[in-house]
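Following: one structure in structure tokens, then a few remarks.
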Amino acid sequence: MGGTLFVNPRSGADDPSVDDLVAAATAIGVSVHVMRDGEDLGDLVRDADADVLGMAGGDGSLGCVAQVAIERDVPFVCIPWGTRNHFAIDAGLAADDPLAALSAFGGDERRVDVGRVGDRVFLNNVSLGVYGRLVHRREHSRRRDEALARLRALATSVWQDRRWSRRFRVDGQTIHASVVLVSNNEYRDELTALGERDRLDAGVLALYAARGIRRLHWTERTAPQFRIETSRPLHAAVDGEPVVLTSPLELRIDARALRLLVPPEVGGPEGDTVEHK
């Protein structure tokens, strides 16, 4: 099967190179568009005449293309080409082998969930509070998608200060937290494994609220949707991308909405899998 692959050249490592990726994709009949400065990814993807949409980039870029794939009801291919590649890893892909992921064009189709905050799709999570503010502060130098994997280090440095805590109302219940994170499906229980999910198709959002002065306390819950209210707009991060969100935030799971193509015999989260030729 053909399709179109969009590539963010600033996301990937030097090996393989962008030229290597383009050559490998072209060899299997996939059209490639390498992003240039000033181009809008969303506009490019919506204008693409393709029956499969693929993205080689970080998690934020993946979410943008996945949203269009859902709108057009076409399959989506994820090529791990970012710093952390959270979604690719949880989908069972080898994060260090983007060329192997190209075999997903013509691979198996698996239905997986996406989260939504308002109308915006997220593949991994929405972060509110300390982490969201830090993403905004670092954006002038280089966006970094640290997600849950670095929350413990962040906690030891800033969560001991009461000034970092703020009030949120979650489904009408008041909580005080330094960080509120809502993820597309649940993360593993072990703190050392935070940022990893066993499933992408369980049909739930998971909310994690962290607070504390000397000790870190967690509040966890799952539901198909959450309503979060705050007293003022929030500097947040959606799949590591800085955004400003206005209260109230309506978050929900869009169960098995994404037609994810994976290479044949790829493991990872279970789901509805059909042969796709």
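Pairs meeting the criteria (first residue in the range 18-45 and within 11 Å of PHE6 (Cα to Cα), second residue acidic (Asp, Glu) and outside any helix (DSSP H, G or I), beta carbons under 9 Å, at least 6 apart or on different chains) are HIS33/GLU39. The strands (runs of 3 or more DSSP E) located wholly in the range 221-277 that include 1 or more residues which are modelled with pLDDT of 90 or more and in contact with a helix residue (DSSP H, G or I) (Cβ under 9 Å, 6 or more places away or on another chain) occupy 234-238, 241-245, 249-262.
Does ASP73 fit the bill of being touching a residue at least 60 places away in the same chain (Cβ under 8 Å), surrounded by fewer than 17 Cβ atoms within 10 Å (Cβ to Cβ) and closer than 28 Å to ASN185 by Cα?
Numbers: touching a residue at least 60 places away in the same chain (Cβ under 8 Å): yes; surrounded by fewer than 17 Cβ atoms within 10 Å (Cβ to Cβ): yes; closer than 28 Å to ASN185 by Cα: yes.
Answer is yes for this residue.
Just name the residue that is nearest to ASN184 (Cα to Cα) out of those in the range 91-118 that are charged (D, E, K, R) and touching a Gly at 6+ places or on another chain (Cβ under 7 Å).
Kept after step one, since they are charged (D, E, K, R), are these residues of the range 91-118: 96-97, 108-111, 113, 116.
Adding the requirement that they be touching a Gly at 6+ places or on another chain (Cβ under 7 Å) leaves 110-111, 113.
Working: ARG110: 16, ARG111: 14, ASP113: 7 Å.
Selected residue: ASP113.
The values are calculated or read from the model by the stated rules, or taken from the named source; none is laboratory data. Note that this is a predicted model, so its numbers are computed, not measured. Using ideal geometry, Cβ is built from the backbone for each residue, glycine included, and neighbour counts are taken over all protein chains shown.
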